[in-house]
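I have placed the structure first, in the form of structure tokens, so that the comments after it can refer back to it.
The values are calculated or read from the model by the stated rules, or taken from the named source; none is laboratory data. If you're wondering where the values come from, they're calculated on a predicted model, not measured in any experiment. All Cβ positions, even for glycine, are placed from backbone atoms using ideal geometry, and neighbour counts span all protein chains on display. Note: accessible area is taken over every heavy atom of the protein model, side chains too, but ligands, DNA and RNA are not part of it. Shrake-Rupley method; radii C 1.70, N 1.55, O 1.52, S 1.80 Å.
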Amino acid sequence: MDVILDVDTGVDDAMALLLAARSPALNLLGVTCVMGNVEVDKVVPNTLKVLEAAGATDVPVARGMDRPMLEVQRNAGGVHGGSGIGNVELPEPTRKPEPEHAVEFLRKTLTAAQNPITLVPLAPLTNIATLLVQYPEVKNNISQIVLMGGAIGMGNASATGEFNIRQDPEAADIVFTSGLPIVMYGLEVFRQVTFSRSEAESFVQSGRPSAQLAGKLLLFFMDNFKRERGGIGDAGCVASVIDPDGLTTEEYPVRVELTGTWTRGQTVVDQRPWMTVQRESEWQPSMGTKISVAVDVDQERYRQIFQEAILS
Ligand SMILES: [Ca+2]
């Protein structure tokens, strides 16, 4: 399957890159970078370094948006280490990013595609929204968007806001209302796919470069959060592209809250049953969207997919 990842590398983006680059099920056509966990000027070298560790030196990398559309720019360096990849030391990249902007790279790659491409955004949706606004004709060449973002319930950046959506709510609104098929891999499943400390240590000792890096990243997360298990986060979203049957989804109208003082960036998921509640009423206009929302994940299945790919 042809895919493009959009990342803010990012410890768990790094694991997602390792999986996408190593999985025989995916044809990684390119990676676009956007600010998020750290500034885009850190995301680009981090992404190049991780792809080199994975042996994927032929996958193009393009630099994208350096700030959200309207929202103040904030990042999450504390969660991901100052560098963004958990203070794991990697050699400087031997190559440079593509000369064109990520949005232009996306347009070019989508336009040239023989078959529609799956977009996998694992970061604030600024690049993707800009693409859809500027070049709406490329929608025909996007088969689906499988994104990490949002939550049915509790947020992480704020009480109800998941980090990627809360970072750029306007961009998320543009993507969610685009009419494209969307899978929302949100916080309900995001933290569920994990490895133990001894498993991470065995990855480091495996002698396989991708596994060594993944092991170090997992150990960084465990030490940083003072836990005995580390999650693969964004990499689980990539696993759901490889093996959609491992993900339980339900279709709901979803809209992004843009104005609430306490709820800005919330993905409002209307879980009321279709037949028993009139969803469009004087209380609420029609949301006009139908999103596949992840509600559960087969953890063991995605652990296997990740492990097999990084040890290959
Ligand atoms: Ca990310």
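For this structure, a couple of remarks:
- Mean Cβ neighbour count within 10 Å, used as a protection proxy, ranking 7-14, 57-64, 242-249 highest first: 7-14, 57-64, 242-249
- Computed in the context of the full set of protein chains, the accessible area of the stretch 252-312 at 1.4 Å probe radius has 52% of its extent on carbon or sulfur.
- Highest mobility in the GNM of the chain, judged by mean-square fluctuation with C-alpha springs under 10 Å and restricted to 79, 44, 103, is found for 79.
- Cα gyration tensor shape of the stretch 1-152, rounded if a/c is under 1.5, else prolate or oblate by comparing a/b with b/c: oblate
- Over the chain, the reciprocal of the mean inverse Cα-Cα separation, the Kirkwood hydrodynamic radius, stands at 19.2 Å.
- Think of the chain as a dipole: +1 on every Lys or Arg Cβ, -1 on every Asp or Glu Cβ, centred on the Cα centre; then among 231, 262, 119, 231 lies furthest on the positive end.
- Applying 1/(1 + (r/R0)^6) with r as the Cβ-Cβ distance of residue 228 and residue 250 and R0 = 30 angstrom yields a FRET efficiency of 0.45.
- Gaussian network model of the chain, Cα within-10 Å springs - most flexible of 207, 161, 82: 207
- Tensor-based shape of the stretch 202-250 (alpha-carbon gyration tensor, a/c under 1.5 rounded, otherwise prolate or oblate): oblate
- For the stretch 176-259, GluC sites (Glu not before Pro) are listed when DSSP marks them as loop and at most 15 other Cβ atoms sit within 10 Å of their Cβ; the list is 228.
- Space enclosed by the convex hull of the alpha-carbon atoms of the stretch 109-184, per residue, Å³: 77
- Label separation (residue 296 vs residue 94): 4.7 nm, computed from points 7 Å beyond Cα along the C-beta direction.
- Straightening the chain between residue 112 and residue 39 buys 23.3 nm, computed as 0.36 nm per residue apart minus the Cα-Cα spacing.
- Ligands, DNA and RNA left out, the 1.4 Å accessible surface of the stretch 75-180 is 53% carbon and sulfur atoms.
- Cα gyration tensor, the stretch 27-109 - rounded (a/c under 1.5), prolate or oblate: oblate
- Full extension of the chain between residue 159 and residue 262 gives 36.3 nm of extra length, using 0.36 nm per residue less the Cα-Cα distance.
- Rounded to 5, percent antiparallel among DSSP beta bridges of the chain: 35
- Stretch gain in nm, segment residue 104-residue 311, where the contour uses 0.36 nm per residue and the Cα spacing is subtracted: 71.1 nm
- Looking at the stretch 99-244, the DSSP beta bridges with both ends there are about 30 percent antiparallel.
- Diffusion constant of the stretch 229-289 at 4 °C, which comes from Stokes-Einstein with the Kirkwood Cα-pair radius and 1.567 mPa s, µm²/s: 90
- Average accessible surface area per residue within the chain, 1.4 Å rolling probe, Å²: 42
- Residue-averaged [θ]222 nm for the chain, counting only DSSP H segments that reach four residues, each worth -39500 (n - 2.57): -10500 deg cm²/dmol
- Pairwise alpha-carbon distances in the stretch 186-288 exceed 21 Å for 56% of all pairs.
- Within the chain, the longest segment free of exposed loop sites, counting chymotrypsin sites (Phe, Trp or Tyr not before Pro) that fall outside DSSP classes H, G, I, E and B and have at most 14 other Cβ atoms within 10 Å, spans 1-261.
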